[in-house]
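**Student:** Structure incoming, see below.
The values are calculated or read from the model by the stated rules, or taken from the named source; none is laboratory data. No experiment lies behind these values; they were computed from the predicted model shown. Cβ: placed from backbone, ideal geometry, glycine included. Neighbour counts: every protein chain shown.
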Amino acid sequence: MKARIATIVMAALLVLYLVFVTNYAILLITSVQPLAKVMGFALIVLPFIGGWVLVADLLFVVRGERLLAKLRSEGGLPVDNLPRLPSGRADPIAADAEFPVYQAEVEAAPESWRAWLRLGLAYDASGDRRRARWATRRAISLHRSADA
């Protein structure tokens, strides 16, 4: 729940920032100075990029949570019995030791969104967030194509 609240607060702050940037860009565009106009037109692109990134990340989170809920309801989530660091995160060394199980599962069933999602959880437990997001995106893509 804390992560969800933090996400909402950060999204709201980003939207507020994008509103201010848009307002400032419009002020620059309406200026009589040619350089200010150019800067305003260049600056007006940032809110579109920021909005796109915000929407893409929020969709990723929502879709990922839906898949996790579906996997949980099926009883397919891996058992989380890894030792914990003082921070509460899973011990990456212990997570790395379990990683080959999930990697082999994906190699055996490369079209299974469930296997890819479990691999994403294994990457996350190992501390590799970039690959965790990649594997989760693959799981979302496979699930969406299976539903289509």
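**Student:** All but one of (1) among the hydroxyl-bearing types (Ser, Thr, Tyr); (2) touching a Lys or Arg at 6+ places or on another chain (Cβ under 8 Å); (3) outside any helix (DSSP H, G or I) hold for residue 102; state the number of the condition that does not hold.
**Tutor:** (3)
**Student:** Moving on to the next point. For residue 29, all conditions in the list (1) surrounded by 13 or more Cβ atoms within 10 Å (Cβ to Cβ); (2) closer than 30 Å to residue 65 by Cβ hold save one; what is the number of the exception?
**Tutor:** Only one criterion in (1) surrounded by 13 or more Cβ atoms within 10 Å (Cβ to Cβ); (2) closer than 30 Å to residue 65 by Cβ is unmet by residue 29, namely (2).
**Student:** Right, next: Sort out which residues of region 91-125 are of a type in the set (Ser, Thr, Tyr) and closer than 22 Å to residue 57 by Cβ, and write them in order of number. Spell out the reasoning first.
**Tutor:** Of the residues in region 91-125, the ones of a type in the set (Ser, Thr, Tyr) are 102, 112, 123.
The one that is of a type in the set (Ser, Thr, Tyr) and closer than 22 Å to residue 57 by Cβ: 123.
A quick yes/no check of all residues on (1) surrounded by 11 or more Cβ atoms within 10 Å (Cβ to Cβ); (2) in contact (Cβ under 8 Å) with a residue 60 or more places away in the chain; (3) of a type in the set (Phe, Trp, Tyr); (4) more than 26 Å from residue 11 (Cα to Cα):
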position	(1), (2), (3), (4)
44	yes, no, no, no
65	yes, no, no, no
102	yes, no, yes, yes
108	no, no, no, yes
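**Student:** Among the candidates 31, 87, single out the residue that is more than 23 Å from the chain's Cα centre (by Cα) and either hydroxyl-bearing (Ser, Thr, Tyr) or on the phi > 0 side of the Ramachandran plot (or both). Can you show your working first?
**Tutor:** Working: 87 fails: more than 23 Å from the chain's Cα centre (by Cα).
Among 31, 87, only 31 is more than 23 Å from the chain's Cα centre (by Cα) and either hydroxyl-bearing (Ser, Thr, Tyr) or on the phi > 0 side of the Ramachandran plot (or both).
**Student:** Within region 109-138, work out how many residues are in contact with a Pro (Cβ under 6 Å, 6 or more places away or on another chain) and more than 12 Å from residue 78 (Cβ to Cβ).
**Tutor:** The number of residues fulfilling the criteria is 2.
**Student:** Filter region 1-23 for residues that are at pLDDT 90 or above and either among the aliphatic types (A, V, I, L, M) or surrounded by 15 or more Cβ atoms within 10 Å (Cβ to Cβ) (or both) and give the result. Break it down stepwise before answering.
**Tutor:** Here is the first cut: in region 1-23, the residues at pLDDT 90 or above are 9, 12-13, 16-17, 19-23.
If the condition is that a residue be at pLDDT 90 or above and either among the aliphatic types (A, V, I, L, M) or surrounded by 15 or more Cβ atoms within 10 Å (Cβ to Cβ) (or both), then 9, 12, 13, 16, 19, 21, 22 are the ones that fit.
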